[in-house]
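The values are calculated or read from the model by the stated rules, or taken from the named source; none is laboratory data. The structure presented is a predicted model; accordingly, all values stated were derived computationally and were not measured. No Cβ is skipped: glycine too gets one built from the backbone with ideal geometry, and neighbour counts run over all protein chains shown.
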Amino acid sequence: MKMLHEYTVVPPEMLECGTENLHKLLGGPSLFYLKGRRSPPLFITVLQHGNEPTGFDALQRILRRYQARELPRSVWVFIANVKAAAVGQRVLEGQTDYNRAWPGTLAPHAKEAALMQEVVRKVTERPLFASIDLHNNTGCNPHYGCVNELNTSFLHLASLFARTVVYFRLPVGVQSLAMSEHCPAVTLECGQAGENAALEHACEFIDACLHLHHIPEYPVAARDVNLLKTLATVKVKPGVSFGYDPGQHDVCFRPDLDHFNFGLLEKTSALAELKPGMFSGGTLPIAVTNEAGEAIAADFFEILDNRLVTKRDIIPSMATLDVNVIRQDCLFYVMEKMDLPMG
């Protein structure tokens, strides 16, 4: 069965339909090449997760805006997991997460990995201007950009979207990490789905990129960027019963956890209440790994009086209250501030 559908024109119905109808309209993951006034093309990826519609909604608005006139710049557009979008799920059971399947993935034999290899092969046959991958998140987060290289062009592109910029090298298999081998690439976290401010911000950024003559080569000013690095990933261990309702689970996380995103959880802050007797002998209900894959949970957390507490000040990001997302991805990332590279 053909996985990648290719188009050089936009079906008129796509300019009006919701994300839940894209699978029926397009037939599957779809790659568009749309010629514009200027080259090289911009590569835009949306809907890698089916419950993150803002990228597609912004793209749809942009395409309507230029329906009767030429795009300022040629574009490649990849509309990804339309099957999951049909039911509003991040990823369907049996699928490899689309944003863990790009070249460099830990699942190279998955059918989704073959799909992403084909997308990359096609869009990189000729030079690209830049690559942008648009996402929503389920917790309370500011809008921010992510880069996988600390090059000037990457930082300028991310800071055009938001002052908060995150540098990371894990997880592997993500779109921006794969595309950073070919052009300036960013992941854009556009807040929660359904927020009008998220849609407006994404539209403004896409349109700005279409009109951008070039990405500046001079260094980014320190005052223009709040740069952070992913220090560790926090996951709930498999088989652990958890949630946010007191008394209902072995681990009950605090219900305001996502309000600390990009803020500060101070030393000795309680992360969760634990069912008495469930976690003894220093066994933690969470796993924490650094970029080297080393287990470092004991560096950050401990159990005191049946509570999971922090052993040091931490900056969380992407904390969510969505149990399914926590199972499929992680509880949150631990960040640390970093200085801009010199020159």
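At-a-glance table
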quantity	calculated
Any pair with Cβ under 7 angstrom, 6 or more apart, that starts in the range 147-174 at a residue that is on the phi > 0 side of the Ramachandran plot and ends at one that is of a type outside the set (S, T, N, Q) and assigned to a helix (DSSP H, G or I)	Gly173/Arg100
Qualifying residue in the range 151-163 (condition: assigned to a loop (DSSP other than H, G, I, E, B) and under 26 Å from Pro103 (Cβ atoms))	yes
Which numbered condition Gln95 fails, given (1) under 22 Å from His201 (Cα atoms); (2) surrounded by fewer than 20 Cβ atoms within 10 Å (Cβ to Cβ); (3) among the polar types (S, T, N, Q)	(1)
Any hit, the range 310-319, residues being among the acidic types (Asp, Glu), over 24 Å from Leu106 (Cβ atoms) and modelled with pLDDT of 95 or more	yes
Any hit, the range 216-231, residues being of a type in the set (Ser, Thr, Tyr), closer than 21 Å to Asn148 by Cβ and modelled with pLDDT of 95 or more	no
Residue list for the range 207-227, filter: among the aliphatic types (A, V, I, L, M) and over 13 Å from Leu160 (Cα atoms)	Ala222, Leu227
Qualifying residue in the range 107-114 (condition: of a type in the set (Lys, Arg) and crowded, with 17+ Cβ neighbours inside 10 Å)	no
Odd one out for Gln67 among (1) in contact (Cβ under 8 Å) with a residue 40 or more places away in the chain; (2) of a type outside the set (Ser, Thr, Tyr); (3) crowded, with 21+ Cβ neighbours inside 10 Å; (4) farther than 21 Å from Thr124 by Cβ	(3)
Pick from the range 138-155, criterion crowded, with 24+ Cβ neighbours inside 10 Å and over 14 Å from the mean Cα position of the chain (by Cα), ranking: farthest from His259 (Cα to Cα)	Phe154
Any chance Glu6 is surrounded by fewer than 14 Cβ atoms within 10 Å (Cβ to Cβ), acidic (Asp, Glu) and in a strand (DSSP E or B)	yes
Some residue of the range 194-211 being within 16 Å of Ala158 (Cα to Cα), of a type outside the set (A, V, I, L, M) and part of a loop (DSSP other than H, G, I, E, B)	no
Count of the range 193-209 residues which are in contact (Cβ under 8 Å) with a residue 24 or more places away in the chain, within 16 Å of Asp133 (Cα to Cα) and surrounded by fewer than 16 Cβ atoms within 10 Å (Cβ to Cβ)	1
Residue among Ala185, Ala178 that is under 25 Å from Ile315 (Cα atoms), surrounded by 20 or more Cβ atoms within 10 Å (Cβ to Cβ), in the same structural domain as Val75 (by TED's automatic domain parsing) and not polar (S, T, N, Q)	Ala185
Those residues of the range 214-238 which are free of Cβ contacts under 8 Å to residues at least 24 places away in the same chain, within 20 Å of Ser153 (Cβ to Cβ) and in a loop (DSSP other than H, G, I, E, B), in sequence order	His214, Ala221
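A quick yes/no check of all residues on (1) of a type in the set (S, T, N, Q); (2) closer than 27 Å to His214 by Cα; (3) assigned to a strand (DSSP E or B); (4) out of contact with any Cys (no Cβ under 7 Å at 6 or more places or on another chain):
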position: Leu92; (1), (2), (3), (4): no, no, no, yes
position: Thr105; (1), (2), (3), (4): yes, no, no, yes
position: Ala113; (1), (2), (3), (4): no, no, no, yes
position: Arg126; (1), (2), (3), (4): no, yes, no, yes
position: Asp133; (1), (2), (3), (4): no, yes, yes, yes
position: Asn137; (1), (2), (3), (4): yes, no, no, yes
